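The values are calculated or read from the model by the stated rules, or taken from the named source; none is laboratory data. Since the model is a prediction, treat every value here as computed from it, not as a measurement. Here the Cβ is made from the backbone with ideal geometry for all residues, glycine too, and neighbour counts use every protein chain on show. Please note that ligands, DNA and RNA were not included when accessible areas were found on the heavy atoms of the full protein model with its side chains. Shrake-Rupley method; radii C 1.70, N 1.55, O 1.52, S 1.80 Å.
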Amino acid sequence: MLENRNLKIFLFLLLIVFPLRESFALMIGENTPMRFGELLMAMSPLLYFVFNEEYVESDNTISNLLLIFLAYSFIVGIGFAEYIQPMFAIKYFIRGILLFVLIRIAEDKYICISEEYFVLLFKYTVIIEAVFCLIQMFGYTMLYGEFGPYEASETFGFKRLSGTASEPGYLIPIITPCIYYFISDLKKYSFWAILSFAIAILSLSTFGYVAILVVLLLKLFMLQRYSIIKSFFALGAVGVGALITAFFLFPQVKDVYEGISTKIIAFSSFDEEEMDYSGAERAENLIVATDAFLEGGWNRMLLGQGVGATAYHTENNVEIYKPAEEANNLYLSVLLNQGLIGFVLLLLMFFSVFRQAQKTTSSMALLVGFITQLLQYFIVGNLWLYFFWFYIFFIIIINRQQGVEECPVEEIIEELE
């Protein structure tokens, strides 16, 4: 319970590091950053034994699936894989084990968190991202603990803003839970909702705009007084009308259209001249990983080629741009590395998270962050992003405390003050 001093400290630190992403990090050597969120995650084994009070009945569904996924990856990767990258595999398993303990804490330990904590978490996140975006508007940023000039691509004369993330698109999974939470009570949180939308829009991220649409559709789905079909067509009609109007009134919108179409071509064309840099870099890694998977034979398709197989293939076959440790698609990386069996295990784990999400505002907001990251995994490949697993951590805690008749908890906002 929150009366436990160690738990208060942990929740306070979690709140602080949650939105910081790549802005602050402890550098290990010259090239390996340890984000503050990852440092907190590294404390999980100690925290498991510090938090003494446990549920009478444990429910270890998600952590068990994660453990099976890691064990399978290790056995196949070491015993049967033809390709394995030792350093990548070591990082992969260490992070996975730490996250297993983190999720186990949520499932085993009796933790109650008040709604005020989540209000504070979302407000703090918006403030941090707004401050970093404002700094970037003046041409500066903080990245991996180093303060320096901010260089970013431009869309119709505006720099794309990334907040605490290393790229504008990576800002989106941080901000979408805030959008959902604040639009759930617009009368009370109108300022915070507008600020959240503004941050997402200023990222000028194509993926970001798709994610916002998903958030709105999910919110409409949750509003029982409207049918899903009516809401979908109403929102679609408004969106199409707004796009047509903007297209004629603002010539700059054509730049956005051309940018989006170029990225689509970059992911569907083999012609180097038709690709923009960002799209081409992702496309080439995707092509190499896809070819390696399809040419591996049925045995490798089923069992996988080993943790690090994607890194091996891209390092040896990418010619135009730089190789990637994981293909710019998490699902393709898992298929190549751990095969269809590993892929199914991963999907089962994600499905278990969906089943545990409650219809409370805070739980649904966190689920929106989870869904946003799942969507972004179609263009990125890092499974161990710390805040993705903190979403899962919170969803489990909310689900577990819903099953407790009494949750004697002091207001977290009072505790933090």
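Inside the range 196-206, can you point out the residues that are surrounded by fewer than 21 Cβ atoms within 10 Å (Cβ to Cβ) and of a type outside the set (Gly, Ala, Ser)?
Phe197, Ile201, Thr206
List pairs: first in the range 3-22 and touching a residue at least 40 places away in the same chain (Cβ under 8 Å) and within 27 Å of Glu146 (Cα to Cα), second among the small types (Gly, Ala, Ser) and open to solvent by 10 Å² or more (accessible area, probe 1.4 Å), Cβ under 7 Å, 6+ apart or cross-chain?
Glu22/Ser166
In the range 88-123, what count of residues is obtained for those that are free of Cβ contacts under 8 Å to residues at least 60 places away in the same chain and among the aliphatic types (A, V, I, L, M)?
Final tally of qualifying residues: 5.
I need the full set of residues from the range 336-359 which are open to solvent by 30 Å² or more (accessible area, probe 1.4 Å) and at pLDDT 90 or above, in order please.
Across the range 336-359, the qualifying residues are Leu340, Ile341, Phe343, Val344, Leu347, Leu348, Phe351, Phe354, Arg355.
Tell me the residue from Ser63, Ser23 that is closer than 28 Å to Ile398 by Cβ, crowded, with 16+ Cβ neighbours inside 10 Å and out of contact with any strand residue (DSSP E or B) (no Cβ under 9 Å at 6 or more places or on another chain), please.
Ser63
Of the conditions (1) open to solvent by less than 10 Å² (accessible area, probe 1.4 Å); (2) closer than 28 Å to Ala327 by Cβ; (3) modelled with pLDDT under 95; (4) part of a helix (DSSP H, G or I), Leu383 fails just one. Which one is it?
(4)
So Ala327 ticks every box in (1) within 21 Å of Met87 (Cα to Cα); (2) in contact with a Phe, Trp or Tyr (Cβ under 7 Å, 6 or more places away or on another chain) but one. Which box is left unticked?
(2) is the only condition that Ala327 fails.
When you check Ile113 against the structure, is it open to solvent by less than 40 Å² (accessible area, probe 1.4 Å) and closer than 28 Å to Tyr181 by Cα, yes or no?
Criteria met by Ile113.
If you go through the range 302-322, how many residues are under 24 Å from the mean Cα position of the chain (by Cα) and of a type in the set (Asp, Glu)?
Going through the range 302-322 one residue at a time, the tally reaches 0.
Val131 versus (1) within 30 Å of Met301 (Cα to Cα); (2) modelled with pLDDT of 95 or more; (3) among the aliphatic types (A, V, I, L, M): which is the lone unmet condition?
(1)
If I filter the range 116-123 for residues that are under 21 Å from Ser203 (Cα atoms) and open to solvent by 50 Å² or more (accessible area, probe 1.4 Å), do I get at least one hit?
Yes, some residue in the range 116-123 is under 21 Å from Ser203 (Cα atoms) and open to solvent by 50 Å² or more (accessible area, probe 1.4 Å).
Out of the range 310-335, which residues are of a type in the set (A, V, I, L, M, F, W, C) and open to solvent by 60 Å² or more (accessible area, probe 1.4 Å)?
Of the residues in the range 310-335, the ones of a type in the set (A, V, I, L, M, F, W, C) are 311, 318, 320, 324, 327, 330, 332, 334-335.
Of everything in the range 310-335, just one residue is of a type in the set (A, V, I, L, M, F, W, C) and open to solvent by 60 Å² or more (accessible area, probe 1.4 Å), namely Ile320.
Kindly establish whether Ala193 is closer than 25 Å to Leu13 by Cβ, open to solvent by less than 10 Å² (accessible area, probe 1.4 Å) and of a type in the set (Gly, Ala, Ser).
It is false that Ala193 is closer than 25 Å to Leu13 by Cβ, open to solvent by less than 10 Å² (accessible area, probe 1.4 Å) and of a type in the set (Gly, Ala, Ser).
In this structure, is Gly96 within 29 Å of Ser333 (Cα to Cα), surrounded by fewer than 22 Cβ atoms within 10 Å (Cβ to Cβ) and not hydroxyl-bearing (Ser, Thr, Tyr)? Give the derivation first.
Details: within 29 Å of Ser333 (Cα to Cα): yes; surrounded by fewer than 22 Cβ atoms within 10 Å (Cβ to Cβ): yes; not hydroxyl-bearing (Ser, Thr, Tyr): yes.
Considered against the rule, which asks whether it is within 29 Å of Ser333 (Cα to Cα), surrounded by fewer than 22 Cβ atoms within 10 Å (Cβ to Cβ) and not hydroxyl-bearing (Ser, Thr, Tyr), Gly96 comes out as yes.
Can you confirm whether the range 175-183 contains a residue that is in contact with a Pro (Cβ under 9 Å, 6 or more places away or on another chain) and assigned to a loop (DSSP other than H, G, I, E, B)?
No, the range 175-183 contains no residue that is in contact with a Pro (Cβ under 9 Å, 6 or more places away or on another chain) and assigned to a loop (DSSP other than H, G, I, E, B).
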